[in-house]
Amino acid sequence: MLYGSISSASPPLWAAIVPLVAIVPAVYCMIDIYRPPNTRSLSPQAWLAICAFGNVVGLVAYLRFGRSEQR
């Protein structure tokens, strides 16, 4: 075969860890946005959209500029 055979071996461990590295911070930020007190500079709905579609940049932007100082 040109591309190799399909084996029944399980995927490597990093294949399970990489998605968790992406999902866990996103879930943390979204839960943090949902809880009171309110966010700074934008509405909670706007920050949810930024975190959901902005990937790492959106998460970092929320943590730096969007979190309320009361937390």
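The values are calculated or read from the model by the stated rules, or taken from the named source; none is laboratory data. Values in this document were obtained by computation on a predicted structure and should not be read as measured data. Note that we place each Cβ from the backbone using ideal geometry, even for glycine, and neighbour counts take in every protein chain shown. With ligands, DNA and RNA removed, areas are computed over all heavy atoms of the protein, side chains included. Shrake-Rupley method; radii C 1.70, N 1.55, O 1.52, S 1.80 Å.
Laid out as a table, the results:
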{"quantity": "Hits in region 45-68 (condition: more than 11 Å from the chain's Cα centre (by Cα) and surrounded by fewer than 16 Cβ atoms within 10 Å (Cβ to Cβ))", "calculated": "GLN45, ALA46, ALA49, LEU63, ARG64, PHE65, SER68"}
{"quantity": "Residue in region 30-44 that is modelled with the highest pLDDT, counting only those that are open to solvent by less than 80 Å² (accessible area, probe 1.4 Å) and β-branched (Val, Ile, Thr)", "calculated": "ILE33"}
{"quantity": "Criterion violated by LEU48 - all others in (1) in contact with a helix residue (DSSP H, G or I) (Cβ under 9 Å, 6 or more places away or on another chain); (2) at pLDDT below 90 satisfied", "calculated": "(2)"}
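Conditions tested, residue by residue: (1) of a type outside the set (Gly, Ala, Ser); (2) free of Cβ contacts under 8 Å to residues at least 24 places away in the same chain; (3) touching a Ser or Thr at 6+ places or on another chain (Cβ under 6 Å).
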position	(1), (2), (3)
ASP32	yes, no, no
GLN45	yes, yes, no
ALA49	no, yes, no
PHE53	yes, yes, no
